[in-house]
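Visitor: Have a look at this one.
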Amino acid sequence: MRRHHIAFSIALGLSFSAHAGSGHSHGDAHAVKALHGGVVSEAKHLTFELVPHTDNVTLHVRDHGQPVRAEGGSARLTLLSGAAKSSLDLRPSGVGQLSAPLQQPIAAGSKVVALVKLPGKSPTQVRFAIK
(Lines give C-alpha, C1' and ligand atoms only; values in the text may rest on other atoms or scores of the structure.)
Protein backbone atom coordinates (compact mmCIF):
# COMPACT_ATOMS: atom_id res chain seq x y z
CA MET A 1 0.00 0.00 0.00
CA ARG A 2 2.82 2.37 0.86
CA ARG A 3 4.40 1.81 -2.58
CA HIS A 4 1.17 2.90 -4.25
CA HIS A 5 1.18 6.15 -2.28
CA ILE A 6 4.79 6.86 -3.23
CA ALA A 7 4.16 6.08 -6.92
CA PHE A 8 1.02 8.24 -6.91
CA SER A 9 2.86 11.14 -5.23
CA ILE A 10 5.67 10.99 -7.78
CA ALA A 11 3.23 10.86 -10.71
CA LEU A 12 1.23 13.75 -9.30
CA GLY A 13 4.36 15.84 -8.74
CA LEU A 14 5.58 15.22 -12.28
CA SER A 15 2.23 16.19 -13.78
CA PHE A 16 2.26 19.53 -11.93
CA SER A 17 5.82 20.30 -12.94
CA ALA A 18 5.01 19.56 -16.58
CA HIS A 19 2.38 22.32 -16.54
CA ALA A 20 4.28 24.80 -14.38
CA GLY A 21 5.63 26.74 -17.38
CA SER A 22 2.28 27.45 -18.96
CA GLY A 23 0.59 30.55 -17.67
CA HIS A 24 3.87 32.08 -16.49
CA SER A 25 4.78 33.69 -19.79
CA HIS A 26 3.19 37.05 -18.87
CA GLY A 27 1.98 37.41 -22.45
CA ASP A 28 5.47 37.27 -23.99
CA ALA A 29 4.45 34.50 -26.38
CA HIS A 30 2.11 36.76 -28.35
CA ALA A 31 2.92 37.87 -31.85
CA VAL A 32 3.69 41.57 -32.11
CA LYS A 33 2.37 43.22 -35.24
CA ALA A 34 4.21 45.90 -37.19
CA LEU A 35 1.89 48.89 -37.07
CA HIS A 36 3.95 50.98 -39.50
CA GLY A 37 5.20 48.35 -41.96
CA GLY A 38 8.61 47.91 -40.35
CA VAL A 39 10.57 45.25 -38.50
CA VAL A 40 9.55 44.59 -34.88
CA SER A 41 11.72 43.60 -31.93
CA GLU A 42 11.08 43.51 -28.19
CA ALA A 43 13.42 44.34 -25.32
CA LYS A 44 12.91 45.26 -21.65
CA HIS A 45 9.11 45.02 -21.97
CA LEU A 46 9.07 47.59 -24.79
CA THR A 47 8.20 47.06 -28.44
CA PHE A 48 10.46 48.66 -31.05
CA GLU A 49 9.55 48.96 -34.73
CA LEU A 50 12.25 50.04 -37.16
CA VAL A 51 10.78 51.50 -40.35
CA PRO A 52 13.38 52.14 -43.07
CA HIS A 53 12.39 54.28 -46.05
CA THR A 54 14.52 55.32 -49.02
CA ASP A 55 15.43 58.71 -47.53
CA ASN A 56 14.87 58.30 -43.75
CA VAL A 57 14.50 55.77 -40.95
CA THR A 58 12.07 55.90 -38.04
CA LEU A 59 12.10 53.95 -34.79
CA HIS A 60 8.70 53.65 -33.10
CA VAL A 61 8.68 52.75 -29.39
CA ARG A 62 5.61 51.36 -27.59
CA ASP A 63 4.90 50.04 -24.11
CA HIS A 64 1.88 47.71 -24.06
CA GLY A 65 0.67 49.22 -27.33
CA GLN A 66 0.98 52.84 -26.21
CA PRO A 67 3.65 55.21 -27.58
CA VAL A 68 6.50 55.93 -25.16
CA ARG A 69 7.59 59.53 -24.53
CA ALA A 70 10.59 60.12 -26.81
CA GLU A 71 11.32 63.81 -26.25
CA GLY A 72 14.69 64.06 -24.55
CA GLY A 73 15.64 60.64 -25.88
CA SER A 74 18.02 59.45 -28.57
CA ALA A 75 19.09 56.32 -30.39
CA ARG A 76 22.23 55.27 -32.20
CA LEU A 77 21.84 52.76 -35.01
CA THR A 78 24.77 50.61 -36.07
CA LEU A 79 24.14 49.30 -39.58
CA LEU A 80 25.91 46.10 -40.65
CA SER A 81 25.66 45.20 -44.32
CA GLY A 82 28.16 42.59 -45.44
CA ALA A 83 31.59 43.94 -44.47
CA ALA A 84 30.34 47.54 -44.32
CA LYS A 85 29.55 49.15 -40.97
CA SER A 86 28.08 52.60 -40.38
CA SER A 87 26.35 54.52 -37.59
CA LEU A 88 23.40 56.86 -37.53
CA ASP A 89 22.00 59.03 -34.71
CA LEU A 90 18.23 59.31 -34.31
CA ARG A 91 16.44 62.18 -32.59
CA PRO A 92 12.83 62.56 -31.38
CA SER A 93 10.46 63.27 -34.24
CA GLY A 94 7.02 62.78 -32.75
CA VAL A 95 5.13 60.92 -30.07
CA GLY A 96 6.87 57.61 -29.48
CA GLN A 97 9.27 57.93 -32.38
CA LEU A 98 12.86 58.82 -33.24
CA SER A 99 14.12 59.35 -36.77
CA ALA A 100 16.99 60.48 -38.97
CA PRO A 101 17.60 61.10 -42.67
CA LEU A 102 19.43 58.43 -44.67
CA GLN A 103 22.24 58.98 -47.16
CA GLN A 104 21.21 55.74 -48.89
CA PRO A 105 18.51 53.13 -48.23
CA ILE A 106 19.22 50.32 -45.77
CA ALA A 107 19.89 47.22 -47.86
CA ALA A 108 17.84 44.05 -47.49
CA GLY A 109 19.73 41.50 -45.42
CA SER A 110 21.34 44.17 -43.24
CA LYS A 111 21.54 43.79 -39.49
CA VAL A 112 20.78 46.81 -37.33
CA VAL A 113 21.70 47.25 -33.67
CA ALA A 114 19.99 50.15 -31.90
CA LEU A 115 21.11 51.62 -28.59
CA VAL A 116 18.04 53.49 -27.37
CA LYS A 117 18.10 56.02 -24.52
CA LEU A 118 14.72 57.24 -23.31
CA PRO A 119 13.99 59.57 -20.38
CA GLY A 120 13.37 57.68 -17.15
CA LYS A 121 14.48 54.34 -18.61
CA SER A 122 17.79 52.52 -18.69
CA PRO A 123 19.57 52.32 -22.09
CA THR A 124 18.24 49.45 -24.18
CA GLN A 125 19.95 47.54 -26.98
CA VAL A 126 17.66 46.18 -29.69
CA ARG A 127 18.54 44.10 -32.77
CA PHE A 128 16.78 44.02 -36.12
CA ALA A 129 17.22 42.01 -39.33
CA ILE A 130 16.09 43.94 -42.41
CA LYS A 131 14.15 41.81 -44.90
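The values are calculated or read from the model by the stated rules, or taken from the named source; none is laboratory data. A quick note: this is a predicted structure, and the numbers were derived from the prediction, not measured. Reconstructed Cβ throughout: ideal geometry from the backbone, glycine too, with neighbour counts over all protein chains shown.
Visitor: Which residues, counting only those in region 80-108, are farther than 10 Å from residue 52 by Cα and β-branched (Val, Ile, Thr)?
Guide: Passing the criteria: only 95.
Visitor: If I go through region 72-92 residue by residue, how many of them are surrounded by 12 or more Cβ atoms within 10 Å (Cβ to Cβ) and touching a residue at least 12 places away in the same chain (Cβ under 8 Å)?
Guide: Total meeting the criteria: 13.
Visitor: State whether one or more residues within region 93-109 are out of contact with any Phe, Trp or Tyr (no Cβ under 6 Å at 6 or more places or on another chain), in a strand (DSSP E or B) and surrounded by fewer than 13 Cβ atoms within 10 Å (Cβ to Cβ).
Guide: Among the residues of region 93-109, at least one is out of contact with any Phe, Trp or Tyr (no Cβ under 6 Å at 6 or more places or on another chain), in a strand (DSSP E or B) and surrounded by fewer than 13 Cβ atoms within 10 Å (Cβ to Cβ), which makes the answer yes.
Visitor: Go through region 98-131 and count every residue that is over 11 Å from residue 79 (Cα atoms), in contact (Cβ under 8 Å) with a residue 40 or more places away in the chain and among the hydrophobic types (A, V, I, L, M, F, W, C).
Guide: Residues that pass the stated criteria total 7.
Visitor: If I go through region 105-131 residue by residue, how many of them are at pLDDT 95 or above and of a type in the set (Lys, Arg)?
Guide: 3
Visitor: Within region 39-69, take every residue that is outside any strand (DSSP E or B) and over 16 Å from residue 102 (Cβ atoms) and give me the one that is farthest from the chain's Cα centre (by Cα).
Guide: 69
Visitor: Looking at residue 62 and the list (1) loosely packed, with under 15 Cβ neighbours inside 10 Å; (2) among the basic types (Lys, Arg); (3) modelled with pLDDT of 95 or more, which single condition is not satisfied?
Guide: (1)
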